[in-house]
Amino acid sequence: MPVLKIYKYPDAVLKNKAEPVAEVSDEIRQLIDDMFETMYAAPGIGLAATQVGVSKRVIVIDISHSHPEIPPLALVNPVITFKDGEICEEEGCLSVPDYQADVCRFNHVKVKALDRDGNEVEVEGEELLARAIQHEIDHLDGVLFIDRISALKREMYKRRVKKLMKREEVNL
């Protein structure tokens, strides 16, 4: 299984809205396997297909390092059907390297999706799992966590990225 390229901000591919998966095929199962491998290699706890340049509504999440009772999840065409409560905590992202910020999200969500075998599943999550689900579904809609922070903090991050990109150009 190859480790896929994770696209980083400000790459335009991250703003694309992913298309629904018509059928969970061997190709989608291979994508799921490759996404898990990529996420673990990064390392991270979640990854959306859009982050690896694939415009399909597929996410993978694994928070078992801190919640061993929750198995790794692969969700195809996930849709939030219930949301409740609010929690504001620090988030980071594999596509937004070296930056974390407080983001407010629902503390409890339920999601309907298809699993890697094409079976309909409902997943209920609280706290970290709820946050990870919402974060990854945001990616499928072309939304980054920095789109959910204050304009001032977002501009500060954008300026930092521009400076880094200029430095990289000079070093090439």
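Taken together, the values in this text are just the output of simple stated rules run on the coordinates, not laboratory data. What you are looking at is a predicted structure, and each value in this text was computed from that prediction instead of being measured. Note that we place each Cβ from the backbone using ideal geometry, even for glycine, and neighbour counts take in every protein chain shown.
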Open item on the list: Anything in the range 144-160 that is of a type in the set (D, E, K, R) and farther than 17 Å from Cys104 by Cβ? List them, or say none.
Closed with: Glu155, Lys158, Arg159, Arg160
- [ ] Within the range 73-83, track down each residue that is touching a helix residue (DSSP H, G or I) at 6+ places or on another chain (Cβ under 9 Å) and exposed (fewer than 14 other Cβ atoms within 10 Å of the Cβ).
- [x] Val79
TODO: For Val24, indicate whether it is part of a loop (DSSP other than H, G, I, E, B), touching a residue at least 12 places away in the same chain (Cβ under 8 Å) and over 18 Å from Val121 (Cβ atoms).
DONE: no
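Would you please name the residue that is farthest from the chain's Cα centre (by Cα), looking only at residues in the range 130-148 that are closer than 27 Å to Glu27 by Cβ and among the β-branched types (Val, Ile, Thr)?
Val143
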- [ ] Inspect the range 117-129 for any residue being within 15 Å of the chain's Cα centre (by Cα) and either outside any strand (DSSP E or B) or of a type outside the set (Val, Ile, Thr) (or both) and give the result as yes or no.
- [x] yes
TODO: Please work out if Ala101 is under 13 Å from Glu136 (Cα atoms) and outside any helix (DSSP H, G or I).
DONE: no
